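Values quoted throughout were computed directly from the atomic coordinates according to the rules given, and no laboratory measurement underlies them. Everything quoted here is computed from the prediction, not taken from an experiment. Note that we place each Cβ from the backbone using ideal geometry, even for glycine, and neighbour counts take in every protein chain shown.
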Amino acid sequence: MSKEKGFFESASNVNAVILNEDDKILEKDLVVSTLLLNTDITLKTGEKLTFEKLAVTNIYKKINNQWKSVFYQESGLPPVVTK
């Protein structure tokens, strides 16, 4: 099981608000996509995680006529945890 899948299976609710989204076409088969968002996650334990201004970057490349993510990165401060 992937780390991300395990994390989201432990959540009872996920809410994300997109603050900014931008796609840059570098070549006909290469795109850089950036996303800035706030995310609230409620775990099944009742704890709430709040991520503010979480930045996500993807690089997509067209391979065999299909878009594939060839790079993915998240960056931001650790979440604020509340009960």
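Brief remarks on what is shown
- Taking every Cα-Cα distance in the chain and sorting them into 10 Å bins starting at zero, the pair-distance distribution P(r) comes out as 16, 38, 30, 13, 2 percent.
- Phi-based couplings in Hz for the range 9-16 (Karplus 6.51, -1.76, 1.60; Gly and Pro marked x): 5, 7, 9, 9, 7, 10, 10, 10
- Sequence-ordered 3J(HN,Hα) estimates for the range 20-35 from the Karplus curve with 6.51, -1.76 and 1.60 and θ = phi - 60° stand at 7, 9, 8, 10, 10, 8, 8, 8, 5, 10, 9, 9, 10, 10, 10, 9 Hz, glycine and proline given as x.
- Computed FRET value (nearest 0.05) for Val81 with Ile59, which takes r as the C-beta separation and R₀ as 35 Å: 0.65
- Segment Glu74-Ser10, length gained on full extension (0.36 nm per residue, minus Cα span): 21.1 nm
- A helix-only calculation puts the chain at -2000 deg cm²/dmol for mean residue ellipticity at 222 nm, using -39500 (n - 2.57) for each DSSP H run of at least four residues, averaged over all residues.
- Number of Lys-Lys pairs in the chain with C-alpha atoms under 22 Å apart and a separation of 8 or more places or on different chains: 18.
- Charge dipole (the range 10-61, unit charges on Cβ, about Cα centre) - positive-most of Ile41, Phe51, Leu30: Ile41
- Our coupling estimate for the range 60-65, obtained by passing each phi through the Karplus curve with A = 6.51, B = -1.76, C = 1.60 and θ = phi - 60°, is 10, 10, 7, 10, 6, 6 Hz, Gly and Pro reported as x.
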